[in-house]
Each structure stands twice: as C-alpha cells, then as structure tokens.
1. Need one number: nm distance between label points at R141 and S58, each 7 Å from Cα along Cα→Cβ, rounded to one decimal.
2. Return the FRET efficiency for the residue pair R174, E233: r is the Cβ-Cβ distance, R0 is 22 Å, and the value is rounded to the nearest 0.05.
3. Quick one: R62, R26, fewest Cβ neighbours within 10 Å first, how do they rank?
4. By Kyte-Doolittle mean hydropathy of at least 0.5 and Cα axial length of at least 15 Å, which whole DSSP H helices of the chain are selected?
5. How large is the translational diffusion coefficient of segment 181-250 in µm² per second when you combine the Kirkwood radius over alpha carbon pairs with Stokes-Einstein at 37 °C and 0.692 mPa s?
6. So, in Å, what gap is there between the alpha-carbon centers of segment 28-57 and segment 224-242?
7. So the label point goes 7 Å from the Cα of Q23 along Cα→C-beta, right? Which residues of segment 209-248 then have their backbone N under 17 Å from it?
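What follows draws every value from the coordinates through simple rules; no lab data is involved. Nothing here was measured: the structure is a model prediction, and the numbers come from that model. In this analysis, Cβ positions are derived from the backbone assuming ideal geometry, glycine residues included, and neighbour counts consider all displayed protein chains.
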Amino acid sequence: MKSIKPDQSYLAAHKISPNSDLQIWRNVLISCVVFLSALGVALVPGAFDRPLTVLINSFVDRSALFDHLAVGFSDYATFSGVVLMALIWGCWFDTKDVERRARILVGTLASFGATVISRSLQKALPTHPRPFYDPVLNFQRPLDLELPYNTWNSFPSDHVTVFAGFVVVIWIARSRFAVFAIVWTIFVEASRIYMGAHYPSDLIGGAAMGAIAVWMAQAPWLISSGIKVTRWEQSSPSLFYMSAFFVSYQIATLIVDIRNAFRFLLHM
C-alpha cells in the first residue's frame, strides 16, 4: 500500500519521524491477521464460539448479584466508554507534547469512525446471529432480560471496535493506566457474551478492527493534520474544550441520545 508522504520540513519541525511508517503498517498487518482469523472462527461457530458461549451461559442464574453486575457492565456506558474516555482525557493532560496530543486526537476519532465499517460488516458478512437469537444454543437469559438487540449478524462487535480502539490510543499515549485499560475493557466487554449480545469471535474481531483504525490513523500525514487541529486549543481554549467535551461525551456514549431521538422522529 502506498502511503501519502507528508511534507518533510513540517515533520522535522514537529519531530515526527517519517520512518514510523514501517512500524505503523506492521501493526496494521498484525491486526488484519487477527481480524481474518476471528472471521474464520466466526464462519464455523460450532468449532469454538458456540461451545465457549454455552459454557459461559451455564453460569446464568447461579448468582443474582453476578447477573445484575453483568447487566450493568453490558448496558451502561459509564462502565465502558465513559471510563475509557476519562482515561484518554488523562492522557491528554498528562502531556504538553503536540505530537502526542495529535496522536490521541486522531486515534480517538478513528476509533469512533471505525464503527461505521464494523456495523456495515455485521450486515454484509454471512457469519452468525447473536447468541440471544441463535436457536441452536437455547440461550438462557440472565434475569429473564428482554433486550432489544439488533437482529442482524453480530460479527464484528461495534462496541468493542470503539472501546478497544480507545485502549490502543491509551497505549500509544504511554499512559500509566494502559494495563488497567486493557484488563478493564476485557472484563467489561466479556459481559456481552454472558448477556447473549456477542460470541467470543465477535469481540476479537471488533478489537482487531479498532486496532486497525487507530494504527492507520497514526500515519505521519494524519498526525500532521492533527497537530494543526491542536493549534485551536492554543488559540481558543474555551471554544476548543467546550466542543471537545460535547464530542467526547457523544463518542463515549456511542451517540445513544442522538440515535434514540432519531428513532423517535422516524416513529413519529
């Protein structure tokens, strides 16, 4: 793949190394291999996805407390997007380096943008329905919960695409909370298997999709564009942070309020 070459003098002025292209595309390639491997597993659900999901589902209704915790982690943005977005803001204020801030900015936007591709693949790929709807599983619902999951195929998980992308951003920012972000996201998003929203391969594929998007966004020419945006923070901090708060809230909650309002208008 031919990369777009940024202006060398501009990169030198901001200490962005054009040689980072090799590392970026290496990480993109690794993420693509993981995604294709997860897709291969998803196309044969009886080999891995269904047995593991049945095992996880066997713990349903053994503990009311655990079931309620699983529902809370699965359904409420506070435990997923909001926690990770708070960590990203921590990464932002941990540094004054314009290049690192630009990497945080473009990576976060790329994570959210990748959901469009993820949702499109859910509808286009011939994989599997959600465990909640899979007649082969006879899925036992925690707390007899009736959740309005979408009925199209579930690979890859669009939730995990965004939130795993956030984790990669936190890792790139060299945050001291990177390990916590990884462990926390695995724990929270695994609850979606328990709730019947996704198979394990959906989560792996979504994580790989988020990683692909974030690593591609680290290309030097995009970082140069991100640096130009960060100048807004210096010239008009009040307007910048007002806009950033609104946008980051929408991303952390996966624009749920806007989507609900749009559905209401369509219903009307």
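1. 2.4 nm
2. Given R0 = 22 Å and the Cβ-Cβ separation, E is 0.65.
3. Numbers: R62 8, R26 11.
Ordered from fewest to most neighbouring Cβ atoms within 10 Å, R62, R26 come out as R62, R26.
4. Counting only whole DSSP H runs, the qualifying helices are 20-42, 64-75, 81-93, 158-172, 178-194, 200-216, 237-252.
5. 219 µm²/s
6. Centre-to-centre distance over Cα atoms comes out at 41 Å.
7. Counting backbone N atoms under 17 Å from the label point, the list is 212, 214-224.
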